[in-house]
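The values are calculated or read from the model by the stated rules, or taken from the named source; none is laboratory data. This one's a predicted model, so the numbers in the text were calculated from it and none came from an experiment. Backbone-built Cβ (ideal geometry, glycine too); neighbour counts: all protein chains shown. All accessible areas refer to the heavy atoms of the entire protein, side chains included, with ligands and DNA or RNA removed. Shrake-Rupley method; radii C 1.70, N 1.55, O 1.52, S 1.80 Å.
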Amino acid sequence: MLTTPSTTTPPRARPAPAARARGRRQRRDHAPYLLLAPSVLMLIAVLGFPLGRVLVLSVQHWGVRQIFSPDGPAFAGLDNYATLLGDPEFWTVLVRTVVLTAAMAGLSMAAGTGIALLMRRVPPWCRRTVTFALVLAWAVPSFVSTEIFAWMTDYNAGIVNRALGMQAHNWYADPVQGLAVATAVVVWGAVPLIGVTVYAGLGQVPAELEEAARLDGAQARQVFRYVTLPVLRPLLALLATLSVIWDFQVFNQIWILRQGAPGPDYFTLGIYAYVKAYAGHDYGLASASAVLTVLLLLVVMVVYLRQIARIGDAP
């Protein structure tokens with residue numbers, strides 16, 4: 001009896017364990033990029049075109065004449081930047097913006113950190129009440145809080161004038177006082193986030209280290225400087241950098257306090273560019289100012305990203 005050779009195929013060899021592990025590792029390595037891709041694409045779509053458009057406008061002559069001209073804007077090269085950098089008002093506005101940013105960010109950090117430290121020393125019920133009040137203040141839109149401060153500093157019916165015993169004092173006749181009110185509005189809006197975040201960061205400070213420092217005779221200021229502050233330093237650096245970025249772009253508070261018509265003594269870089277664009281109808285010059293503002297903020301962004309990288313690399 002003849003038998004035919006078997007035609008069955010041998011079973012496929014299974015991948016080696018090392019190959020399977022390598023494939024899983026590659027998929028894990030690609031997963032973060034795939035998850036981040038939608039956000040990156042959305043940012044490019046939302047921010048990429050406006051930024052590109054502003055950059056193009058900054059190297060063009062764009063004014064009322066070009067709006068109604070069939071020929072379109074003419075290429076200006078770096079003329080707008082040269083005009084801007086040669087304008088003494090621009091440098092005055094830049095210095096004012098830097099000083100305001102330093103004052104707003106510094107006061108916000110000091111007040112927020114102080115509140116966070118005080119929250120550790122109060123009973124739980126008081127801590128919960130303070131946290132609720134901070135979150136409630138943070139939830140108030142900046143437009144509403146600015147209008148409240150404008151009412152409080154009103155020339156005739158402001159409660160600040162009554163509390164200080166001043167009759168019909170105009171807080172905005174002097175730009176220093178007016179900008180101080182704007183600084184108070186910004187600090188009011190920034191303190192809740194800083195206070196709650198720093199209080200959460202204080203939970204990472206080892207209690208035994210603070211207790212040991214007190215037993216060694218260290219005062220409260222020394223405990224904070226040599227024990228608490230080193231632990232909080234990365235978090236404080238991140239919050240300070242974010243505060244600088246936010247405060248450098250302050251616009252609404254000053255604009256609303258001055259009822260949409262701030263004088264030159266109230267100009268920040270944002271208001272300066274807006275006035276140049278919509279009051280002076282010089283969109284090329286305004287775009288150049290916006291580009292320079294972005295470049296200045298990029299310097300701060302580098303510091304911010306370095307802080308994030310350091311926190312990420314910390315063991």
For segment 215-273, accessible area per residue (1.4 Å probe, heavy atoms of protein chains only), Å² = 51
Rel. contact order, % - alpha carbon contacts under 8 angstrom, at least six apart, segment 211-288 = 15
Inter-label distance for residue 121 and residue 87, nm, one decimal - labels placed 7 Å from Cα along Cα-to-Cβ | 4.9
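How large a share of the accessible area of segment 214-298, in percent, is made up of carbon and sulfur atoms when the probe is 1.4 Å and the other protein chains stay in place? The partial results should precede the final answer.
Details: 2520 of 4280 Å².
Here carbon and sulfur together make up 59 percent of the probe-accessible area.
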Summarise the accessible area of segment 51-113 (1.4 Å probe, protein heavy atoms) by the percent that is carbon and sulfur.
-> 72
Distance in Å, no decimals, from the C-alpha centre of segment 256-279 to the one of segment 172-247 is 31
(i) 22, 44, 24, 7, 3, 1, 0; (ii) 35, 59, 6; (iii) 32, 56, 12, 0: which one is P(r) over Cα pairs in 20 Å bins from 0, in percent as calculated from this entry?
-> (i)
Which angle between 0 and 90 degrees, to the nearest 10, do you get for helix 88-119 versus the longest principal axis of the chain when only C-alpha atoms count?
-> 70
Give the accessible surface of segment 140-212 per residue, rounded to a whole number of Å², with probe radius 1.4 Å and ligands, DNA and RNA excluded.
-> 53
Taking segment 78-130, the equivalent ellipsoid from its C-alpha gyration tensor has semi-axes in Å, biggest first, of 45, 9, 6
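Per 0.36 nm of contour for each residue apart, how much would the distance between residue 39 and residue 170 grow if the chain were fully extended, relative to their Cα-Cα spacing?
Working: separation 131, 0.36 × 131 = 47.16 nm, distance 4.74 nm.
Between residue 39 and residue 170, full extension yields an extra 42.4 nm.
Placing unit charges on C-beta atoms (Lys and Arg positive, Asp and Glu negative, everything else neutral), compute the dipole magnitude of the chain about its Cα centre in debye, rounded to 20.
Working: 24 positive and 16 negative charges, 377 e Å.
I would put it at about 1820 debye.
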Probe 1.4 Å, all protein chains in place: accessible area of residue 265 in Å², nearest 10?
-> 90
Segment 109-138 scanned against label point 7 Å out from residue 299 along Cα→C-beta; backbone N under 19 Å for none
What does the accessible area of residue 166 come to, in Å² to the nearest 10, when a probe of 1.4 Å is used?
-> 60
Which distance in nm do the two modelled labels at residue 135 and residue 215 give, with both placed 7 Å along the Cα-to-Cβ direction?
-> 3.7
